[in-house]
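> Following this message is one structure expressed as structure tokens.
Derivation of every value follows stated rules applied to the coordinates shown; laboratory data play no part. Just so it is clear, the structure is predicted and the values come from calculations on it, not from any experiment. Note that we place each Cβ from the backbone using ideal geometry, even for glycine, and neighbour counts take in every protein chain shown.
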Amino acid sequence: MKVLDLGKTNYIDVLTLQRNYFQEKIKNPEKEDIILITEHFPVYTKGKTTKKDHLPYPIEDVPVVEIERGGSITFHGEGQIVVYPIVSLGKKLSVKNYVFTLEEVMIKTLKEFGIRAFREEKRRGVFTDKGKIGFVGVKISRYTTMHGFSLNVNVDKTFFERIIPCGITDKPVCNMSDFIPDIKVEYVKPVLIKLLEEIFSRG
């Protein structure tokens, strides 16, 4: 498995990269698994379950991209770590168990920083006592994955106020910085990468 840290990127560039890796992986499942890690410049992405009222007002100053992942609308921006595994599940993991694995990476990462995080029944993603902090949206075809998850470190939360993130109206969005004010992406990323490597290498 190879982890590629792309730094800060435009969403469309990484979407193209993902799709290329995804198609290669479908053609050759034995090809090395790839995990892309990035921070995106501001962008909204709309998944398959996005409803009209999840985007209440027209947004003209930030790109809004409709994509093939599950889930509703969300925001990506600087101060948020986004992870895209392009991996072959074979017949080892169901979609449910794969999503559980992605959530587990975030929960364990947050635990390393003393932040208690948990799942909520019938909802995807990761929550804390201060709100939703981790987001999951994936596509799986022919046992091959793309898209993935995002973890808020110190992202500008005002961008989330312009949408109904993931269609959830009863929970605010929060950051790791709500618990640790001076936290930075560069502190979190090495811990996250280590856990990704450990958890995914277990097969």
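> Using the 10 angstrom Cβ neighbour count as an exposure proxy, how do S150, S201 rank, fewest first?
S201, S150
> Let me know the Rg and Dmax you get for the range 134-176 when you use only its Cα atoms, in Å.
Rg and Dmax of the range 134-176, Cα atoms, are 12.9, 38 Å.
> In addition: So how far, in whole Å, is the C-alpha centre of the range 108-125 from the one of the range 164-182?
12
> Give the Rg/Rh ratio for the range 90-200, taking Rg as the radius of gyration of the Cα atoms and Rh as the Kirkwood radius, to two decimals.
Answer for the range 90-200: 0.96.
> Still on this model: Stokes-Einstein D for the range 92-148 at 20 °C, 1.002 mPa s, Kirkwood Rh over Cα pairs, in µm²/s?
179
> Here's another thing I want to ask about it. Which number comes out as Rg/Rh for the range 2-201 once both Rg and the Kirkwood Rh are worked out on C-alpha atoms?
Here Rg/Rh amounts to 0.93.
> Moving on to the next point. Excluding G70 itself, what net charge comes from residues whose Cβ is under 11 Å from its Cβ, given Lys and Arg +1 and Asp and Glu -1?
+3
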